[in-house]
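Any read-out appearing in this document is the output of simple, stated calculations on the displayed coordinates, not a laboratory observation. On a predicted model such as this, the values are computed, not experimentally measured, just so you know. When we count neighbours, we look across all protein chains shown, and the Cβ atoms used for this are built from the backbone with ideal geometry, even at glycine.
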Amino acid sequence: MVKNVKIGKTDLSVNPIGLGTNAVGGHNLYPNLDEEAGKELVRTALNNSINFLDTAFIYGPERSEELIGEVLKERGNRSEAVIATKGAHKFIGKDVVFDNSPAFLKKEVEASLKRLQTDYIDVYYIHFPDKDTPKDEAVGALKQLKDEGKIRAIGVSNFSIEQLKEANKDGYVDVYQGEYNLLQRDAEKELLPYTTEQNISFIPYFPLASGLLAGKYNKNMIFNDLRADLPYFQKEVFAQNLEKVEQVRKIADAKDTEVAHVVLAWYLTHNSVDVLIPGAKRADQVLNNLKTLDVHLTDEEIQEIDRIFR
Ligand code: NAP
């Protein structure tokens, strides 16, 4: 029986292991995605107590939200899922800009509601900061939507610490989503201390460094998707990262578990990290990540993992 947790100061109750869905219909991120397989990832999650689904307008674009909407509709039980989505990308012809203006965000929330075939969104994030909109004004627009019952919690993503503080001037920010994993730890300097102090839930994205920290890659692998451009995968750095993963494997072996579960369990030891959103491309990965919940790390193991990646 999974023990659900509350996301920060919200009323949202979730399994600490959620599902990132940028590979569910995220055709612009991963080539050759099979949409039916993507829907099956969502069904597998919901059938196995994973209720927190993370999506965004830009995954597809639009298609990830649409596929999740189709699954929600076919199951006819909206309250079984806690849906987080994001907006800020504005297409001008083929060019994309970020827009955080209240009018744009309100329009985007309406469009996401339609694609998700629902009348409320559990967490709505401003996906990226724009240059011009004061961040408290942008969040003010989301507060209005929250008061109207269209969204249940307010999130911001990819904001700097200064932008987050401005966004949270009135204490309205519930969730922060930023890149954070054992290979990218910048958030530990200011963002994690601030979210802890403010009771804002910190949701790390790329928790498995796009698969590298799952412990299944070797140095001869070549990637032709979004990973081709990620710093963790560049030649020498990639080899060094794989060596660090081997050190975690020793800890995982001693605990009779896998690298991915040790890595995911390590994030959950942080105060403001309530829930994780590892992505998956196959249903067995969705199920496999649930084993994280059986891992208990000792203080020594927590420090050892910290040391390997420091
Ligand atoms: P991730 O969670 O770091 O890595 C996911 C990848 O790891 C999977 O696609 C799979 O790749 C591999 N994997 C997962 N579980 C595994 C297991 N048990 N065993 C072996 N391999 C496993 O990366 P991500 O999916 O890109 O990021 C997570 C979520 O964060 C996204 O889905 C998205 O919802 C969100 N996100 C948000 C932002 C933002 O700007 N806010 C940006 C990026 C992502 P392979 O099968 O290819 O090995």
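I'd like the orientation of helix 35-47 relative to the chain: the angle between its Cα long axis and the longest Cα principal axis, in ° from 0 to 90, rounded to 10.
Relative to the chain, helix 35-47 is tipped by roughly 80 degrees.
Could you list, in their original order, any pairs among 219/244; 39/73; 216/250; 90/131; 90/143; 131/189 whose Cα atoms are separated by more than 18 Å?
From 219/244; 39/73; 216/250; 90/131; 90/143; 131/189, over 18 Å: 90/143; 131/189.
Rounded to the nearest 20 Debye, what is the dipole magnitude of the chain about its Cα centre when Lys and Arg each give +1 and Asp and Glu each give -1 at the C-beta?
That gives a dipole near 280 debye.
By count of other Cβ within 10 Å, fewest leading, how are 91, 98 ordered?
91, 98
Pairing the Cα long axis of helix 63-75 with the longest principal axis of the chain, what angle in degrees results, from 0 to 90 and rounded to the nearest 10?
Approximately 90 degrees, to the nearest 10.
Quick one: check the C-alpha center-to-center distance for region 182-216 versus region 241-259, whole angstrom.
Between the Cα centre of region 182-216 and that of region 241-259, the gap is 19 Å.
Angle, helix 235-254 long axis vs. longest principal axis of the chain, Cα atoms, 0 to 90°, nearest 10?
Its long axis makes an angle of about 70 degrees.
Quick check: pseudo-label points 7 Å beyond the Cα along Cα→Cβ at residue 162 and residue 27, how many nm apart are they?
Taking the two extended label points, one gets 4.0 nm.
Which of the aspartates and glutamates could a cross-linker span from residue 6 if the Cα-Cα distance has to be under 14 Å and same-chain partners fewer than 8 positions apart are dropped?
Output for residue 6: 122, 174, 274.
Efficiency by 1/(1 + (r/R0)^6): what FRET value for residue 247 and residue 130, r their Cβ-Cβ distance, R0 = 35 Å, to the nearest 0.05?
With a Förster radius of 35 Å, E is 0.30.
Let me check I've understood the local charge: for residue 242, count other residues with C-beta under 15 angstrom from its C-beta, Lys and Arg +1, Asp and Glu -1. What total comes out?
Spelling it out: positives minus negatives among the neighbours equals +4.
Mind giving me the nanometre distance, one decimal, between the label points for residue 36 and residue 287, set 7 Å out from Cα along Cα→Cβ?
Distance between label points: 1.9 nm.
In straight Cα distance, which aspartates and glutamates are under 12 Å from residue 255, not counting same-chain residues fewer than 8 positions off?
Excluding near neighbours in sequence, the set is 294, 301.
Assuming R0 = 30 Å, can you tell me the calculated FRET efficiency for the pair residue 218 and residue 43, based on Cβ-Cβ distance, to the nearest 0.05?
0.45
How high is the FRET efficiency from residue 5 to residue 94, r the C-beta distance, R0 30 Å, rounded to 0.05?
Computed FRET efficiency for residue 5 and residue 94 comes out at 0.15.
If you restrict to DSSP beta bridges whose two residues both lie in the chain, what percentage is antiparallel, to the nearest 5?
25 percent
Given labels modelled 7 Å from the Cα in the Cβ direction, how far is it in nm from residue 308 to residue 237?
Placing both labels 7 Å along Cα→Cβ, they lie 2.0 nm apart.
Let me check I've understood the local charge: for residue 300, count other residues with C-beta under 14 angstrom from its C-beta, Lys and Arg +1, Asp and Glu -1. What total comes out?
Once all neighbours under 14 Å are counted, the net charge is -1.
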